[in-house]
Amino acid sequence: MARYTATAQTLQTVLQLTLPPVALARVRAVPPGVPMFEGVSPSACSFWRHAEGGLFAARGSEHMNCPIGAMTMGFELTPDAREKLGGGLALMTEAGYIDPREAEHLPSLSPSNDPLLYGPLADFPIEPQLVLLWLTPRQAMLLREATGDVRWKSDVSSSLFGRPACAALPVAERDGNVALSFGCNGMRTFTGIAASQMLAAVSGALLETLGSDLERAHNAQCAMQAFYDQQRTYFPFTAKPVA
């Protein structure tokens, strides 16, 4: 059994995921037997869905069709990608999608042109840099309860934002925690993710205890749900529930 099989199973079961958790990590040498990506990828985020099918490694050059994604993944842009980035930013600015000053503030993974290893967390052969999950708001709440991010304290920080969705990855790496993104149009176009789901990027540093932390948070939620259900018997809910 791979090192992270049990953690992947706990995530899948406790969070009731519809899609398996995937992992990624920068590698200087691709592990034996792991294939290099072959084909054309329209975006960096499309690799996340491709990773559900098995382990593979992808070079920076395979990420260049989406310059913003390549940049947030820490790759140095090729001259063609830089030109494409300039055109894309001009379009986004003209459409009122972004302020031109935003680009310089986009976070990125630690800069490197080494390949990225992608694959299911259950099969990942090395320590993941990040784990990616597709969550509903309810599942996201449980994950954040498990990591302690919903506790009220003096320095509450949400790490919840919108576009670009790929920026969640370097934020999670930087903070050693969980970052959530509502998901940009590009991500939803190239991943096919349902409108009801958002992206969670989880730092690999959390994996050692994440399974047990999730089970603890789940048990606490079950106890509270039993209390709420009992409360509702005394004060019947008259509004029609929304599916």
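Listing for the model above:
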item	result
Cα coordinate range in the range 157-223, projected on the principal axes (Å, largest first)	37, 27, 21
Efficiency of FRET between Thr5 and Gln225 - r from beta-carbon atoms, R0 30 angstrom, step 0.05	0.55
Residue among Leu121, Gly204, Leu142 farthest towards the positive dipole end of the chain, charges placed on Cβ	Leu142
Residue-normalised accessible area of the chain, given per residue in Å² at a 1.4 Å probe	54 Å²
Estimated FRET transfer efficiency when R0 is 25 angstrom, pair Ser110-Ala29 (beta carbons, to 0.05)	0.90
Area projected by the alpha carbon convex hull of the range 60-155, averaged over all directions, nm²	9.3 nm²
Interchain or long-range residues, amide H under 5 Å from Gln129's placed H	Leu24, Ala25, Arg26
Modelled FRET efficiency - R0 25 Å, Glu83 with Glu52, Cβ distances, 0.05 increments	0.20
Theoretical gain in end-to-end length, Glu94 to Ala194 [0.36 nm per residue, Cα-Cα removed]	33.2 nm
Tail beyond 11 Å, pair distance distribution of the range 95-138 (Cα, percent)	79 percent
C-alpha long axis of helix 79-94 to longest principal axis of the chain, angle in °	50 degrees
Solvent-accessible area, 1.4 Å probe, carbon plus sulfur percent, for the chain	56 percent
Compactness relative to 2.2 N^0.38 Å, alpha carbon Rg of the chain	1.09
Shape category assigned to the range 1-145 from the gyration tensor of Cα positions, a/c cut at 1.5	oblate
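The values are calculated or read from the model by the stated rules, or taken from the named source; none is laboratory data. If you're wondering where the values come from, they're calculated on a predicted model, not measured in any experiment. Cβ atoms come from the backbone with ideal geometry, glycine included; neighbour counts cover every protein chain shown. Calculation scope for accessible area: heavy atoms of the full protein, side chains included, ligands and nucleic acids excluded. Shrake-Rupley method; radii C 1.70, N 1.55, O 1.52, S 1.80 Å.
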